[in-house]
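Asker: Can you read through this structure? Questions will come right after.
The values are calculated or read from the model by the stated rules, or taken from the named source; none is laboratory data. All of these numbers come straight from a predicted model, not from anything done at the bench. Heads up, the Cβs are rebuilt from the backbone with ideal geometry, glycines too, and the neighbour counts pull from every protein chain shown.
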């Protein structure tokens, strides 16, 4: 977007040079470069006002300035520009006549048209490209987050599917204080749990699905293996 503060700074510097030139007797023709720069800056200021009325959506979201602040800044700059224009008009009309002012107005119209067809059009193309690119990045990030969430949900679901109901098959006293219980689930899933004699022993619980991990061992053999392990 055209920066109204920069445009106004260029306009003020150019106008100061123009005033100084007239003060020392320079004619309009010798100052056309400064006048053209001044007119171009005023054109940029008008363009900034147009763009501020329809800013890109990302500028609305992330701009440091509020819409109201920017509108007030442009309004103040345009008031200064209007005063400069009026001062220049009065001077030229009084010293060179109405025709000279009309000629300058015609020159200004050409400058504005040229800037519209070149600078502003190119800037609009860049703005649209950046906006499309920003949307692509935003959508890509959103899609990545969504895919990550779906994969996480699937992983969680897969993990949940690995849990099965294991029912108490047999319990046996290990010593005077401890009891070991064997719980059995689908496809010979077997888990052992240790309890204090005073503990509540559930008849079933959700255990990790481990099909046929101990298919060669009976409940009795499993208990014996646990005892042997404790003795070692």
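Asker: Report yes if residue 36 is under 23 Å from residue 126 (Cβ atoms) and modelled with pLDDT of 90 or more, otherwise no. Quick ask: steps written out before the conclusion?
Answerer: Details: under 23 Å from residue 126 (Cβ atoms): no; modelled with pLDDT of 90 or more: yes.
In short, no.
Asker: List, please: which pairs have Cβ atoms under 7 Å, are six or more places apart or on different chains, and start with a residue in the range 119-133 that is modelled with pLDDT of 85 or more and end with one that is in a helix (DSSP H, G or I)?
Answerer: As it stands, the answer is 120/47, since those pairs meet every condition given.
Asker: Which one is farthest from residue 163 (Cα to Cα), of the residues in the range 178-232 that are in a strand (DSSP E or B) and either touching a helix residue (DSSP H, G or I) at 6+ places or on another chain (Cβ under 8 Å) or modelled with pLDDT under 85 (or both)?
Answerer: This residue is 180.
Asker: Taking residue 21, is it touching a residue at least 24 places away in the same chain (Cβ under 8 Å), surrounded by 14 or more Cβ atoms within 10 Å (Cβ to Cβ) and in contact with a helix residue (DSSP H, G or I) (Cβ under 8 Å, 6 or more places away or on another chain)?
Answerer: Spelling it out, it is not the case that residue 21 is touching a residue at least 24 places away in the same chain (Cβ under 8 Å), surrounded by 14 or more Cβ atoms within 10 Å (Cβ to Cβ) and in contact with a helix residue (DSSP H, G or I) (Cβ under 8 Å, 6 or more places away or on another chain).
Asker: If you don't mind, another one. Within the range 1-24, take every residue that is at pLDDT below 85 and outside any helix (DSSP H, G or I) and give me the one that is nearest to residue 55 (Cα to Cα).
Answerer: Restricting to residues being at pLDDT below 85 and outside any helix (DSSP H, G or I), the top hit is 1.
Asker: Considering only residues that are farther than 30 Å from residue 55 by Cα and without any contact (Cβ under 8 Å) to a residue 24 or more places away in the chain, which ones fall in the range 96-105?
Answerer: First, the residues of the range 96-105 that are farther than 30 Å from residue 55 by Cα: 96-104.
Once the filter is applied, which keeps residues that are farther than 30 Å from residue 55 by Cα and without any contact (Cβ under 8 Å) to a residue 24 or more places away in the chain, the range 96-105 yields 97, 98, 99, 101, 102, 103.
Asker: Kindly indicate which of 75, 91 is in a helix (DSSP H, G or I), touching a helix residue (DSSP H, G or I) at 6+ places or on another chain (Cβ under 9 Å), without any contact (Cβ under 8 Å) to a residue 12 or more places away in the chain and assigned by TED's automatic domain parsing to the domain that holds residue 34.
Answerer: 75
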